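Worksheet: the structure to be examined is printed underneath.
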Amino acid sequence: MLDKVLIINTGGTIGMVHSEKGNTMSPLRPAENWNEIAKEHPVLKGFATDYYQFHPLVDSSDINPESWTKMAQVIETNYNNYRGFVLLHGTDTMSYTASALSFMLKNLDKPVIITGAQVPLEKPRSDALQNLVTAIQIAGNEFYGIRLVPEVCIFFRDTLLRGNRSRKNDARNYFGFSSPNYPSLAEAGAELGIKKNKLLKKSKGTFHIETALDDRVIIIEIFPGLKPSYLKNIFESIGDLKGVILKTYGNGNAPTNVDFIDVINSLTSRGIVVINITQCTTGTVKMGMYEASIKLVDAGVVSGLDLTPEAALTKLMYLLGKTEDSEEVKKLMSIDICGEQTLNHYNFKFTQNSPAKICKFSFEIPKEIAGGDMIEAALRIKNLSLKNKIDKINIRISIEGDNFIENIEKFQSIKTLKKNKDNINEDILLNFNKCVKKIAEESRVIKITLESDESIVWGDAVFSIYSEC
Ligand code: ASP
């Protein structure tokens, strides 16, 4: 059996046939079985495959988390008996399914190749045969020298994509899918060129499935003119809401008006996890880059970095299904699970509410980060306030590891306070890219010292690190 591939048909255009034999004007219906699909294509009979069919076969518009659970269960039941799996699926929600399965199939070390077609297999100029044959070959690992593809992928036309990076971007052309923020995993021309260094590493753990998905989530796309009152009504009317994916502009920017921010604040104060992803096809959210995203940071919104909407939504469902602890969900949303994002984002928080001239805090660098992986590190301090009324104040900030002193003294610009006010209006924002990289190479701890000549309530500090996955 292990030389075989299991084809799992869930539905979609690929396996549809005309309801009246020979009448290409008659409506399409799902084929009854594999023979009906494969009968006109003897080439398909030459592959060592078994076939499993969902009942009923569905247009992928009807796919939901229960369908994903069923798919995961079929793969689990048959896992040890096949070299790999081909999942036939409608193209409309294929990227959602590919993303969901990537989180649900744990320690996957066999190919799960999802494919479909824009035109049914039985039509003369269909794209289905090429898609299906190549998907079977990749799942069966049939090409000399190809390393097993240990991940959930989409194969379409001539390209193999990581499932949780894929998007359907064309309803007409045969090249229907793209992977905007990650290269393709293979190109299928005259030869099949697998890009080994782009594949996930084979997992050492035991394969199992995790099917608890929490679907109490919603995606909201902002647009110029969006009325905060509409949003408020939507959110207030969903009593059990657990997570929101907010599709914002550019690098993660959103309106800054009080009403909009109030709506977001009311979500986060209800313990609802809000994830910021971009409406742009390519690129990443960089919260804090523009003032237009600082208020989202302050409201407790989490950066979804360069997650696709499909990956963000299914990752959020998966993590909410895993734990009730919304802080844990927020933390895990920013860390890569199975190749779905380009960077990891860690936030280390510290609060100091009583006045002092010196404020020290330290944190452990997560084990997964090596010095060389560090891309960016930044310190943000907000809500500073002064004990004594003075016009200006100097703040010194130093940063060091635990086994040597790398005292990179930063002289913070002079803060000018308005008369009779005891708050510092500006946040402190500093970049420590180079020194943190250096510290992380030699130390597992980062210590930060803030100093001034006056007593300060230092407020809330957040040290953010971005590292390569
Ligand atoms: N509506 C179909 C589906 O997603 C389209 C297709 O299969 O391409 O099931």
Roughly how tilted is helix 94-104, in degrees to the nearest 10 and between 0 and 90, from the longest Cα axis of the chain?
70
On a 0 to 90 degree scale, rounded to 10, what angle separates helix 65-78 from the longest Cα axis of the chain?
60
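Restricting to DSSP H runs of at least four residues, report the calculated mean residue ellipticity at 222 nm for the chain, -39500 (n - 2.57) per run over all residues, nearest 500 deg cm²/dmol.
Calculated mean residue ellipticity at 222 nm is -6500 deg cm²/dmol.
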Quick one: compute the contact order of region 145-264, relative version, from alpha carbon pairs under 8 angstrom and 6+ residues apart, as a percent.
18
What does the charge dipole of region 1-84 about its Cα centre add up to, to the nearest 20 debye, if the Cβ of each Lys and Arg holds +1 and the Cβ of each Asp and Glu holds -1?
220
Can you give me the angle between helix 309-322 and the longest principal axis of the chain, using Cα atoms only, in degrees from 0 to 90, rounded to the nearest 10?
80
For Gly84, the residues 5 or more places away or on another chain with a placed amide H closer than 5 Å to its own amide H are Leu6
Surrounding net charge for His208, when Lys and Arg each add one and Asp and Glu each subtract one, Cβ distance under 13 Å:
-2
Mind listing the long-range amide H neighbours of Ala356? Cut-off is under 5 Å, sequence gap 5 or more, other chains count too, H placed in the peptide plane at 1.01 Å from N.
Ile456, Val457, Trp458
Under 5 Å, built H, 5+ apart or other chain: amide partners of Gly12
Val58, Asp59, Ser60, Gly90
Heavy atoms only, 1.4 Å probe, whole protein assembly: order Glu310, Glu221 by accessible area, highest first.
Glu221, Glu310
Give me the lysines in straight-line cross-link reach of Lys357: C-alpha distance below 24 Å, same-chain residues under 8 apart excluded.
Lys349, Lys382, Lys387, Lys389, Lys392, Lys410, Lys415, Lys418, Lys419, Lys421, Lys447
In what sequence, largest accessible area first, do Trp34, Trp458 appear using a 1.4 Å probe?
Trp34, Trp458
Counting every C-alpha pair in the chain, the percent lying more than 39 Å apart is 33
Per residue accessible area of region 217-340, 1.4 Å probe, in Å²:
41
Rounded to the nearest 20 debye, dipole of the chain from Cβ charges on Lys, Arg, Asp, Glu
760
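The values are calculated or read from the model by the stated rules, or taken from the named source; none is laboratory data. Note that this is a predicted model, so its numbers are computed, not measured. Neighbour counts are summed over all protein chains in view; Cβ atoms, including those assigned to glycine, are modelled from backbone coordinates with ideal geometry. Surface areas here come from the heavy atoms of the whole protein model, side chains and all, with no ligands, DNA or RNA. Shrake-Rupley method; radii C 1.70, N 1.55, O 1.52, S 1.80 Å.
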